[in-house]
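K.L.:
Submitted below is the structure of interest, expressed as structure tokens.
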Amino acid sequence: MRPSFVPALSHPVTTNVLVAFCDQYRFMVNTRGRPSAEVFAELNDFYRLTEEAVNTAGGLVIKFMGDAALIVFSEELADPGIMALLALHDRAEAWFHERRIDSGLHVNAHFGEVTMGKMGSIDRLDVIGETVNICATLSHRGFALTPQAFRCLTPEHRKRFHKFTPPVTYHPERE
């Protein structure tokens, strides 16, 4: 079921959302030489883990791209969305560890304007805009928020992150 903030596919809508990219690092190294059916099953489990975390918080996985995902949360759900992404990151790290997979999950989040709507000749929802490009090009290893995404957090949740410069990104405090 499509969340209420997602437009009908009949026309594109420009709106502010929290955009996130999640990407497994070392995926190609870890899958080289393995049977494709085995990799498929592993990715299917990873997709389910991702969808559960995102859907529970009211967000939407726009698309999976191999070992990566493009995710959006409405402006009103940006704070719980960031917390859901942090939980996804931690669950994925545990998931890799339990399966003895030498990998981890990059999570980038940025907040801003996008255009959402149908792309191509089938009913395929996509999001386009500079916000998506900024999110996709954050360079780090682990979990990072842009200042725009950080400002979506409540003061209570902001305490869980530490500022890094340059460029300015926020990473979770680890005890």
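K.L.:
Expressed as a whole percentage, what fraction of the accessible surface of the chain belongs to carbon and sulfur atoms when a 1.4 Å probe is rolled over the protein heavy atoms?
P.N.:
Carbon plus sulfur share of accessible area: 52 percent.
K.L.:
If you don't mind, there's one more thing I want to ask. Starting from region 44-85, pick out the chymotrypsin sites (Phe, Trp or Tyr not before Pro) whose DSSP state is loop and whose Cβ has at most 13 other Cβ atoms within 10 Å.
P.N.:
Answer in residue order: no site qualifies.
K.L.:
What number, in percent, do you get for the relative contact order of region 84-167 if the mean sequence gap of Cα pairs under 8 Å and at least 6 apart is divided by its residue count?
P.N.:
Normalised by residue count, the contact order of region 84-167 is 28 percent.
K.L.:
Restricting to Cα pairs below 8 Å that are 6+ residues apart, what does the relative contact order work out to for the chain? Please round to a whole percent.
P.N.:
27 percent
K.L.:
Separate question: Report, in deg cm²/dmol and to the nearest 500, the calculated mean residue ellipticity at 222 nm for the chain, where each DSSP H run with n ≥ 4 adds -39500 (n - 2.57) and the sum is divided by the residue count.
P.N.:
It comes out at -10500 deg cm²/dmol, rounded to the nearest 500.
K.L.:
Translational D (Stokes-Einstein, µm²/s) of the chain at 37 °C and 0.692 mPa s when Rh comes from the Kirkwood sum over C-alpha pairs?
P.N.:
In µm²/s, the coefficient rounds to 197.
K.L.:
List the lysines whose Cα lies under 25 Å from the Cα of residue 118, skipping any in the same chain that are fewer than 8 positions away.
P.N.:
63
K.L.:
Calculate the translational D of region 1-100 in whole µm² s⁻¹ from Stokes-Einstein, where the hydrodynamic radius comes from the Kirkwood formula applied to all Cα pairs, the temperature is 4 °C and the viscosity 1.567 mPa s.
P.N.:
89 µm²/s
K.L.:
What does the C-alpha gyration tensor say about the overall shape of region 62-104? Classify as rounded when a/c is under 1.5, otherwise prolate if a/b is larger than b/c, or oblate.
P.N.:
Oblate, since a/c reaches 1.5 and b/c is not below a/b.
K.L.:
Write down the accessible area per residue of region 59-175 in Å², having rolled a 1.4 Å probe over the full set of protein chains.
P.N.:
Value for region 59-175: 52 Å² per residue.
The values are calculated or read from the model by the stated rules, or taken from the named source; none is laboratory data. Predicted model, so just to flag it, every value in this text is computed and none were measured. Note: ideal-geometry Cβ built from the backbone for every residue, glycine included; neighbour counts use all protein chains shown. Calculation scope for accessible area: heavy atoms of the full protein, side chains included, ligands and nucleic acids excluded. Shrake-Rupley method; radii C 1.70, N 1.55, O 1.52, S 1.80 Å.
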